[in-house]
1. Ignoring ligands, DNA and RNA, please state the percent of accessible area on the chain from carbon and sulfur, probe 1.4 Å.
2. For labels at S96 and S83 in the simple 7 Å Cα→Cβ model, what's the distance in nm?
3. What FRET efficiency comes out for L201 versus K271 if R0 is 25 angstrom and r is the Cβ-Cβ distance? Round to the nearest 0.05.
4. Note down the accessible area of W20, probe 1.4 Å, to the nearest 10 Å².
5. Divide by every residue of the chain the summed helix terms, -39500 (n - 2.57) for each DSSP H run of at least 4, and state the resulting mean residue ellipticity at 222 nm, rounded to the nearest 500 deg cm²/dmol.
6. Could you tally the net charge around D218, taking each other residue with its Cβ under 14 Å from the Cβ of D218, Lys/Arg +1 and Asp/Glu -1?
7. Give the accessible surface of the chain per residue, rounded to a whole number of Å², with probe radius 1.4 Å and ligands, DNA and RNA excluded.
8. Under 20 °C and 1.002 mPa s, how fast does the stretch 16-64 diffuse according to Stokes-Einstein, given a Kirkwood radius computed over C-alpha pairs? Answer in µm²/s, whole number.
Amino acid sequence: MIGAVFRSEMLKMWKRPATWVTLGLFGLITFADLIGEYRDGRKDPEDPFFLPDAWGQILGEEVMVGFIFASVLVILLVAAEFSWRTARQNVIDGLSKTHWYSGKLLLLPVLSALFLVLRALIGGSLALAGTDVSLGASLFGAPQLAALGGMFVTGLGYTSLALFAAVSIRSSGPAMAVWFAWFAFGESLLIGGLGSLFHALRPALRWAPVTTFNRLRDYIQYDPEALRRAAEWAAQNDRSVPAPESLGPAFVGSFAWIAVLLFLGWLWYRKRDL
């Protein structure tokens, strides 16, 4: 049954214009961003853009943009089923609430991986064009694979929050507004406000959901060579490089928040009528 639900979700996803518009727009933005890095690397030998060094730029802070697009698409796909009453019709036609919600859960890893891989492919292809493969250097290895794994968990966190907003609010516009508000400034305001009022809560507040997810998307944590180069640059420019945090607690905290958000979404979905 789960296999049939998954195939149904994939069919609905690829038939929605929102999927193609979101993917196309993200692809254009990513290409425009990274083609600039490629051109700069061709012009300035001091700042080259080739593999494997370019992975630090390809999988840098801008990876977050892909997960924002993935979260928006989750909201568009899921909330629309309440507006169009297709969620209600699915249950009338015999699909249980458990299977309906399970189908939405299956969207999260697919979309998180899709936007992450799309950026890696676009960036990797451009960087490969500027790489001298005859030198025999490793173009992709364990550090990059580990970074993709950690960032994938970040994507699952963002999209889990988006799913919770979609099933709770059940309207695309308001759900996106709430998600963006929490992501952009809501969590920071809450951490700052509660931390000022209750100093004892500050250590716990450092593990708020988005803050926890973001601990896993810093590429330099996964690549010792990139960390070494950053330390050398910092020493030459009289700067300090923050020591990377232990990834174990960040993974545990991220998976815990993902489980909490998905469970709360499930409870909220079951509680309300369709």
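The values are calculated or read from the model by the stated rules, or taken from the named source; none is laboratory data. Since this is a predicted model, take the numbers as computed values, not measurements. Using ideal geometry, Cβ is built from the backbone for each residue, glycine included, and neighbour counts are taken over all protein chains shown. What goes into the accessible areas is simple: the full protein's heavy atoms, side chains included, and nothing from ligands, DNA or RNA. Shrake-Rupley method; radii C 1.70, N 1.55, O 1.52, S 1.80 Å.
1. Reported share for carbon and sulfur atoms: 67 percent.
2. It is 3.1 nm.
3. According to the calculation, E is roughly 0.30.
4. 150 Å²
5. Counting only the DSSP helices, I get -24500 deg cm²/dmol.
6. Taking every Cβ under 14 Å from that of D218, the sum is -2.
7. Averaged over the residues of the chain, the accessible area is 51 Å².
8. D = 179 µm²/s.
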